[in-house]
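Report on the structure given below.
The values are calculated or read from the model by the stated rules, or taken from the named source; none is laboratory data. Just so you know, these numbers come straight off a predicted model, no measurement behind them. Reconstructed Cβ throughout: ideal geometry from the backbone, glycine too, with neighbour counts over all protein chains shown. Note: areas computed on protein heavy atoms with side chains; ligands, DNA, RNA excluded. Shrake-Rupley method; radii C 1.70, N 1.55, O 1.52, S 1.80 Å.
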Number of protein chains: 2
Amino acid sequence: MKPDRPLFVDGLQISNWSRAVFEENLRGGVDAVNATCAVWEGPLETMGIIGRLYELLRVNADVATLALTVDDVTACRRDGRLGVFLGFQNTSPFGDDYTMVEVFHRLGVRVAQLTYNIQNLVGGACYDPVDSGLTRFGRRIVAEMNRVGMVVDLSHVGYRTCRDAVDASAAPVAITHSNPLWFFPSPRNKPDDVMKAVAGRGGVVGCCLYPNIVESFATRDDFCRMVADLADQIGIDHVALGSDSVRGWGDDYLAYLRNGRWQPPDPSAPAPTWPRWPDWYQSPEDFPSLAEGLGRVGLDGDAVAKILGGNWLRLFAEVFSGDKAGTDRS
Amino acid sequence: MKPDRPLFVDGLQISNWSRAVFEENLRGGVDAVNATCAVWEGPLETMGIIGRLYELLRVNADVATLALTVDDVTACRRDGRLGVFLGFQNTSPFGDDYTMVEVFHRLGVRVAQLTYNIQNLVGGACYDPVDSGLTRFGRRIVAEMNRVGMVVDLSHVGYRTCRDAVDASAAPVAITHSNPLWFFPSPRNKPDDVMKAVAGRGGVVGCCLYPNIVESFATRDDFCRMVADLADQIGIDHVALGSDSVRGWGDDYLAYLRNGRWQPPDPSAPAPTWPRWPDWYQSPEDFPSLAEGLGRVGLDGDAVAKILGGNWLRLFAEVFSGDKAGTDRS
């Protein structure tokens, strides 16, 4: 890749992080990633995960580092390291205690999805038949996230809770890893009005490569055209990528993601196995060809730069600054 | 007090923090304090305590703020605010996980006592009849504290574990709140060899006002003479104050400190009540007269400045810088 290629930020990966996975990302030109470090875990388990991740980052400080600010991403590019933003795919690490938002922010967490796949204290999930909308506690959590400077992520969140959260949030919000519903019908993909509401408030949508929410016969060009069409629909400043790459996890982890501790595995069904990723996106090493594909569907260099990283970085800069009013120190 | 009075740091207070307690400290001329936020609590409970303390500090940001560095103390003096260093009187918040040292350091914790009143994973306490010395896990914890820049506190720690910790620590250590054993016989006070070992490695001893470890008929001058004599014994650069002030807690909290969850209250004994503090030190508001007393036993202005804050700040500056070798970011 050219040395002046745009900064590249992956809106979400859920990987079993290791030196090999850091290096794979670097080979794919990734400068920073929102790295999931909680899905079902509560506060204590999440502290342990973060503590071990600090250790992993320290031992591999030549290839990766904790990222806390937008400037850290620029520094990572300069140093040839992967910037790791800590992110949650659930608000479970906050338990029922809103002060945990500031605690985890101080530990480096910069993104939190309001719900994973089931309703929680904060709101409804995309797979719930009934969605409460954002709860009273959910409004408090969103307000705290706005205050400390943490990105509200709506990817797995239910329709009504998404709409409520866009309205409730004083800062723009993200959908880090979902596609438009018109591209592929899945509860994980988002209808037009949610996409437009997110964009209308300055938010960003990360188009997602996870096979189960991409049309299975989609080619690289189909995917890239979807990205371009979404940019036409909601604006080029509001579209990005969130690969949802899963590296280093076996099928056991998929079963954990599906069932958490809220239901037993279905004894009548075969154990779940990870879906097959498209030939044109097997791992973060395939990002350069994806970037090339974006150019081939007619997006110019500026547009591609926004999609690859510029839009995430603009959103992060705005959200991370938090609400200084009423804050003592960040 | 004169505007050019020396910076004053209290080596330890264990208070039920509130606006009133912050203001009382300010009236007493305190610029910063090592504020105990864990005694028996594990990782999760401690997170909750810290989260609520962040909230309290934010709401009272005009009178107090989280202190993380020595520069923060200077800023607090300038702004007329109390700097609150978070401290532990136990390593219980680390559980059995050494990575929790970095987690809590990132949350702002700057001091941790290795044991409270009973043996733990790290070593023996001052009340234990047999002291294992610093354990293998204890050596790991001390090394992590050295690395991230957290002060090792030996106040309630057992004799052998104290000696081991001084030797094991790459950074100077503290006894934040104990007196010389020659002043008053208590397992909480320290024999000459421990005092000298701490001082010999550049550490600091905070002379303590807690009634149970001060001769009960001691006058203010007796206490101040003890401070001066200790300075003669181990060097003026190694003596400071750690009041152990207890503000805002009722007798229930004393019972909790005594029994934790490791033993039931003694049914044959009356419920414990807080000891009576000396007339000459009832609260942090009495610090100015204590400072005056230090002058009256013959300590000059430079010596008093070291005892009131200079020695703590020198130790903090040295320890907080951590061991940059092998660290990615502090």
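Other protein chain C-beta atoms within 10 Å of residue C-beta, averaged over A:49-60: 4. Counting only DSSP beta bridges whose two residues both lie in the range A:96-225, roughly 10 percent are antiparallel.
Taking the radius of gyration and the Kirkwood hydrodynamic radius from Cα positions alone, what is the Rg/Rh ratio for the range A:227-330, to two decimal places?
Across the range A:227-330, the Cα-based Rg/Rh ratio is 1.12.
Computed in the context of the full set of protein chains, the accessible area of the range A:100-210 at 1.4 Å probe radius has 55% of its extent on carbon or sulfur. Summary of the geometry: the range B:227-271 and the range B:157-214, compared by the centres of their Cα atoms, lie 14 Å apart. Over the protein assembly as shown, the ratio between the Cα radius of gyration and 2.2 N^0.38 Å evaluates to 1.07. Take B:G248, move 7 Å from Cα toward the beta carbon, and the resulting point lies 4.2 nm from the same point in each other copy, nearest first. Association of chains A and B removes close to 2600 square angstrom of accessible area from solvent, both sides included, for a probe radius of 1.4 Å. For B:L241, the residues 5 or more places off, or on other chains, whose built amide H falls under 5 Å of its own are B:G11, B:C207.
Subtracting the Cα-Cα distance of B:D279 and B:D167 from their residue separation scaled by 0.36 nm leaves 36.4 nm. For A:K306, the aspartates and glutamates whose Cα comes closer than 17 Å to its Cα, not counting residues fewer than 8 places off in the same chain, are A:D4, A:D10, A:D31, A:D71, A:D229, A:D232, A:D237, A:E292, A:E318. Residue-wise HN-Hα couplings along the range B:22-38, as the Karplus relation 6.51 cos²θ - 1.76 cosθ + 1.60 with θ = phi - 60° gives them from phi, are 4, 5, 4, 4, 4, 4, x, x, 6, 8, 7, 9, 7, 9, 5, 10, 7 Hz; Gly and Pro carry x. Once backbone amide H atoms are built at 1.01 Å from N, B:I175 has B:L154, B:V204, B:V205, B:G206 as its partners under 5 Å, excluding neighbours fewer than 5 places away on the same chain. Under the convention that each Lys and Arg Cβ holds +1 and each Asp and Glu Cβ holds -1, the size of the dipole of the range B:108-201 around its Cα centre is about 200 debye. When the Cα positions of A:N311, A:N189, A:Y256 are compared along the charge dipole of the range A:188-330, A:Y256 comes out farthest toward the positive end, with charges on each C-beta of Lys, Arg, Asp and Glu. With label points defined 7 Å past Cα in the direction of Cβ, position A:P275 shows copy-to-copy spacings of 6.8 nm, given to one decimal and shortest first.
Placing +1 at every Lys and Arg Cβ and -1 at every Asp and Glu Cβ, with all other atoms neutral, what dipole size does the range B:9-320 have around its Cα centre, in debye to the nearest 20? It would help to have the intermediate numbers written out before the result.
Working: 28 positive and 39 negative charges, 99 e Å.
Its charge dipole is roughly 480 debye.
Over chain B, what relative contact order in percent results from Cα pairs under 8 Å that are six or more residues apart? Answer for chain B is 20 percent.
For the protein assembly as shown, DSSP calls about 5 percent of its internal beta bridges antiparallel. In this assembly of identical copies, the label point of A:G48 (Cα plus 7 Å along Cα-to-Cβ) is separated from its counterparts by 1.9 nm, sorted shortest first. A compact globular protein would have a Cα radius of gyration near 2.2 N^0.38 Å; the ratio found for the range A:90-181 is 0.96.
Here the translational diffusion coefficient of chain B follows from Stokes-Einstein with Rh set to the Kirkwood radius across Cα pairs; for 37 °C and 0.692 mPa s it amounts to 168 µm²/s.
Annotation for the range A:68-130 versus the range B:11-68: alpha-carbon center distance of 27 Å. Nearest chain B C-beta to the B/A rotation axis, reported as residue and distance in angstrom, is B:L44, 2.
Between B:D193 and A:D79, the simple spin-label model (points 7 angstrom out along Cα→Cβ) gives 4.5 nm.
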